[in-house]
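What follows is a short report on a single structure.
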Amino acid sequence: MQSIFSSPNPLLFGTGASKSTGEKLRELGCKKVLVVYDAGIKATGLADRIINSINDAGIATVTYDGVQADPPDWSVNEAGELGIREQVDGVVGVGGGSSLDTAKGAKMLQTNPPPINKYFGREGVVTVPSVPLIVIPTTAGTGSECTPGGVITDTVNNIKTNIAGVGCAVTLGIVDPELTLGLPPSVTASTGMDALCHAVESYTSMRANSFCQLTGKEAFTLVGKYLVRAFENGADLEAREGMMLAATLGGISMSGPLCHLAHDIGKVLGGKFHIPHGNGCASCLPQVMQIDAAAVPEKVKEITIALGGTVRENATPEEIGTAAYETILSLMKKLKLPGLRDFGAKHGFTKDDLLDVVPENVVMMQEGLVKLFGQGTSPVPATKELIATIVSRAWDEN
Ligand SMILES: [Fe+2]
């Protein structure tokens, strides 16, 4: 069954929904569109399925299949310039977060002159509206189909940064759980943990609102019910639908309340140490939720129970924190998620390398939010010492 509901942008959600991509582009008045994806999506045949749907509707396509992980500025510029050269009147992104964020950047450049680097950051950046953009996620994690911006790697300053504003706004998200049936277990696990982080971090954010009380809570409840099922049996359509809904609701939940320490740490781990986004954000989640219990015990208790943990009646915040830590760590073990030590061995960095870089950058991120919004998002104040303890423990324990 398909349904339409409103989020920061309209979404068409349901199994088989991606078959109507061409029809939706026609409704938007498009005649020639830029389709953005990566080599992995090309290999699965999913890109061709979408392109066929577009061509069947009488709309011409130009393809950019060079999307990179942690999309670098130069790749976004390449995609955007291809669209300008070909005079497209629409953009379609197909894939995981990197493809969708590259597509958002490419859309921006159709009416906002290149390079994309001119539009980095949240403060003082003004963009003008651009051509229609349809995004079609093929993973259940980023929620990029309903977030008003994207994450791009600034290769000049070697940091991950944001684009936002009307210039890169999503016109329509088409969310089709069927597209996730072929995802390998490791990707199901890491992207599913990204969705969980969006849900629980926005739910416990200092900027939490009544929308995320509904959407975030439903999202982490769905993750508790379906993530291990989808990991163990990728062909389980009910589990795939549940996780896709969790990812979308997680994306809606974080639009406004934002995330906090697990994502801040994950962004530094991605930008400086090339750890995939979902893995990086999940890497310290057990410790982050444990310390958050001191500030928001009832919320952490709800999260713990939804993820299958048990918390005794009248439990102290400390007991709730311990239960949250054990429950999330147990989930990560079931999903066979590699930890920070595994990534260190693979990429050649040590715990000290992380401690030299991560705490300072995370504190800067929270301070940036204080400057912008008058408060950070973390329910416990972020100090370098606290972040160092979290990262150090995650390296040793997770
Ligand atoms: Fe994320």
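The values are calculated or read from the model by the stated rules, or taken from the named source; none is laboratory data. Bear in mind the structure is a predicted one, so any value in this text is a computation, not a measurement. Every residue, glycine among them, receives a Cβ derived from its backbone with ideal geometry; neighbour counts consider all protein chains shown.
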What are the residue pairs meeting all of these: first residue in segment 190-214, first residue without any contact (Cβ under 8 Å) to a residue 40 or more places away in the chain, second residue away from the ligand (no atom under 12 Å from the Cβ), Cβ atoms under 9 Å, and 6 or more apart or on different chains? Gln213/Tyr203; Leu214/Leu249
Among the listed residues Val166, Val151, Val156, identify the single one that is aliphatic (A, V, I, L, M) and in contact with an Asp or Glu (Cβ under 7 Å, 6 or more places away or on another chain). Val151
Scan segment 135-163 residue by residue and report those that are more than 15 Å from the ligand (Cβ to nearest atom) and touching a Pro at 6+ places or on another chain (Cβ under 7 Å). Thr155
Among the residues of segment 246-256, are any more than 12 Å from the ligand (Cβ to nearest atom) and in contact with a strand residue (DSSP E or B) (Cβ under 6 Å, 6 or more places away or on another chain)? yes
The listed residue being in contact with a helix residue (DSSP H, G or I) (Cβ under 7 Å, 6 or more places away or on another chain) and not in a helix (DSSP H, G or I), out of Gly242, Gly192, Gly234, Gly251: Gly234
Which residues, counting only those in segment 257-289, are more than 13 Å from the ligand (Cβ to nearest atom) and assigned to a loop (DSSP other than H, G, I, E, B)? Pro257, His274, Cys284
Just give me the residues in segment 36-85 being acidic (Asp, Glu) and at pLDDT 95 or above, in sequence order. Asp38, Asp48, Asp56, Asp65, Asp73, Glu78, Glu81
When segment 103-120 is examined, which residues are found to be more than 16 Å from the ligand (Cβ to nearest atom) and closer than 22 Å to Ala69 by Cβ? Ala103, Gly105, Ala106, Lys107, Met108, Leu109, Pro114, Pro115, Ile116, Asn117, Tyr119, Phe120
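Listed here are the residues, each with its yes/no results for (1) within 14 Å of the ligand (Cβ to nearest atom); (2) out of contact with any Leu (no Cβ under 6 Å at 6 or more places or on another chain).
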residue: Leu181; (1), (2): no, yes
residue: Thr191; (1), (2): yes, yes
residue: Asp194; (1), (2): yes, yes
residue: Ala199; (1), (2): yes, yes
residue: Thr215; (1), (2): no, no
residue: Glu218; (1), (2): no, no
residue: Gly224; (1), (2): no, no
residue: Val228; (1), (2): no, yes
Can you say whether Leu285 is more than 23 Å from Asp154 (Cα to Cα), buried (at least 21 other Cβ atoms within 10 Å of the Cβ) and under 22 Å from the mean Cα position of the chain (by Cα), as far as the supplied structure shows? yes
Can you say whether Asp154 is within 14 Å of Gly93 (Cα to Cα) and of a type in the set (Asp, Glu), as far as the supplied structure shows? no
Among the numbered conditions (1) within 16 Å of the ligand (Cβ to nearest atom); (2) within 26 Å of Lys19 (Cβ to Cβ), tell me where Pro132 comes up short. (1)
Hey, any hits in segment 3-25 for a residue that's touching a strand residue (DSSP E or B) at 6+ places or on another chain (Cβ under 7 Å), closer than 14 Å to Asp176 by Cβ and free of Cβ contacts under 8 Å to residues at least 24 places away in the same chain? yes
